[in-house]
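Okay, so here's the structure we're looking at.
The values are calculated or read from the model by the stated rules, or taken from the named source; none is laboratory data. None of these values were measured; they are calculated from a predicted model. Neighbour counts are summed over all protein chains in view; Cβ atoms, including those assigned to glycine, are modelled from backbone coordinates with ideal geometry. Surface areas here come from the heavy atoms of the whole protein model, side chains and all, with no ligands, DNA or RNA. Shrake-Rupley method; radii C 1.70, N 1.55, O 1.52, S 1.80 Å.
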Amino acid sequence: MAHGNGAPGRAQLYIDGRLVGEADMPLTTPIAFNPGGMACGANPGSAVTPDYQAPFRFTGTLHSVTVDLSGELIVDAESEMRMHMARQ
């Protein structure tokens, strides 16, 4: 498998330890699309589908959330600097 900027990746969603969804991404990106960071239980940005309206707050109980970013970290200092400058 290719490594580095733009390399393929796989996203997996687990609920209660059970894999409930996954998708292969032919292209990944080293920049952040959500400048507010990651959110659990609500979608503070734009809705990703017209089936709901943001912020679409979850009304149940999240007992735990695990984010696994295993693998080799890709560092792209130039892209990170552009992202920070765009926020100014």
Report the FRET efficiency, 1/(1 + (r/R0)^6), for Glu80 and Arg10, where r is their Cβ-Cβ distance and R0 is 30 Å, rounded to 0.05.
-> 0.80
Per residue, how much accessible area does segment 42-88 show when a 1.4 Å probe rolls over the protein heavy atoms, in square angstrom?
-> 96 Å²
Loop-located GluC sites (Glu not before Pro) in segment 53-84 whose Cβ has at most 14 other Cβ within 10 Å (DSSP) | Glu72
